[in-house]
1. Placing unit charges on C-beta atoms (Lys and Arg positive, Asp and Glu negative, everything else neutral), compute the dipole magnitude of region 25-181 about its Cα centre in debye, rounded to 20.
2. Between Arg58 and Gln92, what is the FRET efficiency for a Förster distance of 41 Å, r being their Cβ-Cβ separation, to the nearest 0.05?
3. So for the chain, taking the charge dipole from beta-carbon charges (+1 Lys/Arg, -1 Asp/Glu), which of Phe110, Ala329, Tyr175 sits furthest toward the positive end?
4. Based on Cβ point charges of +1 for Lys and Arg and -1 for Asp and Glu, what charge dipole magnitude is obtained for the chain about its Cα centre, in debye rounded to the nearest 20?
5. Taking every DSSP beta bridge that has both residues in the chain, what percent is antiparallel when rounded to the nearest 5?
6. What would the Debye equation give as log₁₀ I(q)/I(0) for region 25-181 at q = 0.11, 0.15, 0.19 Å⁻¹, counting only Cα atoms as equal point scatterers?
7. To one decimal place, what orientation-averaged projected area in nm² is obtained for the convex hull of the Cα set of region 372-494?
8. Of Val364, Gly343, Pro354, which is farthest towards the positive pole of region 336-389's charge dipole, taken about the Cα centre with +1 and -1 on the beta-carbons of Lys, Arg and Asp, Glu respectively?
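What follows is calculated from the coordinates using simple rules that are stated; it is not laboratory data. On a predicted model such as this, the values are computed, not experimentally measured, just so you know. Heads up, the Cβs are rebuilt from the backbone with ideal geometry, glycines too, and the neighbour counts pull from every protein chain shown.
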Amino acid sequence: MPGNRPLDVQVSRRRVLQWGAGAALLGLTAGCSGTDDAGSTIGPDSPEVRAYAESEERRFPGGRPVAYELSATQSDVDIAGTRTAAWLYNTQLPGPILRADVGDRVQVRFRNQLPESTTVHWHGLAIRNDMDGVPDVTQSPIPAGTEFVYDFIPPDPGTYWYHTHGDLQRGRGLYGALIVDDPGAPSAYDTEFVVVLSDWLTERTPAEVFDQLRGGGMASMPGPDMTSAALGGDAGDVRYPVYLVNGKPPNDPTVFTARPGQRARIRLINAGDDTAFRVALGGHRLTVTDTDGFPVEPVDTGSVLIGMGERYDAVVTLQDGVFPLVAVAEGKGAQGFAVVRTGGGAAPDPAAAPRELTAPPLTVADLRATGADRLPVVDPDVTLEASLGGDMKKYSWTVNGQAYPDHTPLAVHSDQRVRLVYTNTTTMWHPMHLHGHTFAVARPDGSGPRKDTVIVLPGQSVATDIDTTNPGQWIMHCHNDYHLAAGMATIFSYVT
Ligand code: C2O
Ligand code: CU
């Protein structure tokens, strides 16, 4: 493949130029044409975005101010006795749990103490566009040594998360849970476990792994092929030395404690870069109640399959004893592991394979939105295509034939019903994420669950329905961080 080298170099040089464009960057998006839908782009600084923010303030009068301080720093982290270099929020892995009520006025004073620029993205929240934290799309990158105040109103309760949106920064440790409570809704559980899953590199940085992928090497330790029937083939590009649950490896696990008979709400968040997890709690069935922050009709399962960026909430009634919470790195022959303890007994084996894992895992196909959370069934005003492509030899990943930042925006107007259809022409699965909206997985009867990230298997098409109620420029991308870095992204662009 030496013939591909010059092209690789060109591609990365173009990225550097565009991403470093500084003050001109908001013009970068605004200047993109290629749509015959005339009209001007609604950018983060547009009056429409201010109007949206003001209408949210009116919708939630009396929201409490909630202030957080968040710093990103270079820090070491202890993984089972081995110090590893990391980039962390508030020196924690994962970052601190941020929590607010629906309608609160959340202000996060963010300090960037990293050696490079960054931004923070609030994954899944339909907030004002200028607070979405995407460099060169919704804000200028926050330079090293400076700060930025994020100021937004979380509009929907549920399990969300936050992470850096800088190039290949997330895998260094910059992620954490963001929980939005609904003070008006009685909680149907006694205790809560927030479970952040991730894949962790010990010897290399994500940027080094990316270079290796681009160079044509498999960026993995030796081992059998990484394949999974549930993911339709290829499970991932990177085999990791360790998989973490709340920043802890299997031989030094997180322990969740509770009392027998308590109902626990388990909030699963996949913060990984390249790993789907199949999660089960030994000795228990999971009753899945929500995905991506939105309720579904409760459904029982032994295990769930969760792609990068997705969240699943499940309620369990806890038995008496000590139980393995297992997060199998799907198709990768290893697992993350934690312990749920409600009574005496020896800790389970970190390699435990609870029988709940034997049946196929629950996926989106098994879920139905609750009545109150369905989008009304109406004909789409416009149908947009996102064809997902890739060239494994060059390690280039594309949307509609272009590798971001090259892109042709998907142009929409406010107050439309948009159908966005993802078609996966590659041999690998992609967890596709749209910022600023919670779409519905399209079904004729309107029962499709609300999601902000949906798995699209190889050869599959997945249609999603979106009500365009949040004007701005919204990135849509694969949540595999290597695929995003290699170009699998475009902009869902409101125009007037
Ligand atoms: Cu988790 Cu662009 O996002
Ligand atoms: Cu992908």
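1. Dipole magnitude for region 25-181 comes out near 460 debye.
2. Given R0 = 41 Å and the Cβ-Cβ separation, E is 0.70.
3. Ala329
4. Dipole magnitude for the chain comes out near 760 debye.
5. 70
6. Relative scattering, expressed as log10 I(q)/I(0), comes to -0.48, -0.84, -1.19.
7. 7.0
8. Gly343
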